[in-house]
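Okay, structure first, notes after.
FYI, it's all coordinate maths here, none of it is from the lab. The model shown is predicted, which means the values in this text are computed figures rather than measured ones. No Cβ is skipped: glycine too gets one built from the backbone with ideal geometry, and neighbour counts run over all protein chains shown.
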Amino acid sequence: MAGKLTDVQTWDAKGYEHNARFVADLAGEVVGWLAPQPGERILDVGCGDGALTRKLADLGCDVVGIDTSESLLAAAKARGLDVRKVDVRQMPFDGEFDAVFSNAVLHWVREPAEAARSMRKALKPGGRLAAEFGGHGNVAAIMTGLRASAMINGADTELAAPWFYPTPEEYAAILRDAGFTVERIGLYPRPTPLPTGIEGWLETFRKPFFDQFQGAARQKAKSDVIELLRPALCDTAGRWTADYVRLRVAAKVA
């Protein structure tokens, strides 16, 4: 039976560390596109628990991280970082940073044009953006499984996929309209092993979908998703892989 519907995503630092550590571990390519230099002032948009923010700081960068999750910000502060509770769409910064960096965050922002304008405003003249997030086709199988489970169980299909997964052409146009010059952009398929399986992924990244169910209906909805996905995403040894497709972009202030 469906309960009160909500699409507000919340984060728990301990659960994120357990089920989603791969998000930071697989960020080497976008950090390479950023090419951080000692002494640069860098804004980490959606810093989460600060794993990557800490790496940038250890390289000698002056880093400020922003996020909206109290739990994740507390974990980042415990790493000794300068982090603040700020929404990327409404940042107070004006011409303060040499670079804006973001990993696995911007697909959660449903107003991408607002975010792009805000990131542009935060940069100094000649500043740059390096970002990676879900692109067109990201977790297509998982979204289909969630929607199918919603239909089977008489639930809200809209809660299955709240993300913004653009094509390179679509996102490049958004950045250009915000005042960026796009230097390179593309989609990069990245099948991603899930150390805690698909159930850990579902609980971490799509908890609001399952919160619409009460009692035993919650577990049934989850079991339906898992069994729908098993033929596509689970191998014969029981190892799960998420069908990730990342959009990676490097841009400069026009």
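For Thr192, only one of the following conditions fails: (1) hydroxyl-bearing (Ser, Thr, Tyr); (2) under 16 Å from Ala131 (Cβ atoms); (3) outside any loop (DSSP other than H, G, I, E, B). What is its number?
(2)
Sort out which residues of segment 51-75 are farther than 18 Å from Phe97 by Cα and in contact with a helix residue (DSSP H, G or I) (Cβ under 7 Å, 6 or more places away or on another chain), and write them in order of number.
Taking segment 51-75 and keeping what is farther than 18 Å from Phe97 by Cα, we get 51, 68-75.
Scanning segment 51-75 gives Ala51, Ser71, Leu72, Ala74, Ala75.
For segment 176-234, enumerate the residues that are within 15 Å of Ile152 (Cβ to Cβ) and among the hydroxyl-bearing types (Ser, Thr, Tyr).
Matches in segment 176-234: Ser223 only.
May I ask you to verify whether Arg176 is part of a helix (DSSP H, G or I), over 18 Å from the mean Cα position of the chain (by Cα) and within 21 Å of Gln214 (Cβ to Cβ)?
Details: part of a helix (DSSP H, G or I): yes; over 18 Å from the mean Cα position of the chain (by Cα): yes; within 21 Å of Gln214 (Cβ to Cβ): no.
No.
From the list Gly200, Gly238, which one is in a loop (DSSP other than H, G, I, E, B) and not aromatic (Phe, Trp, Tyr)? So that I can check it myself, show each step before the final result.
Values: Gly200 fails: in a loop (DSSP other than H, G, I, E, B).
Testing whether each residue is in a loop (DSSP other than H, G, I, E, B) and not aromatic (Phe, Trp, Tyr) leaves just Gly238.
Given the conditions (1) within 20 Å of the chain's Cα centre (by Cα); (2) assigned to a strand (DSSP E or B), which single one is not true for Glu183?
(1)
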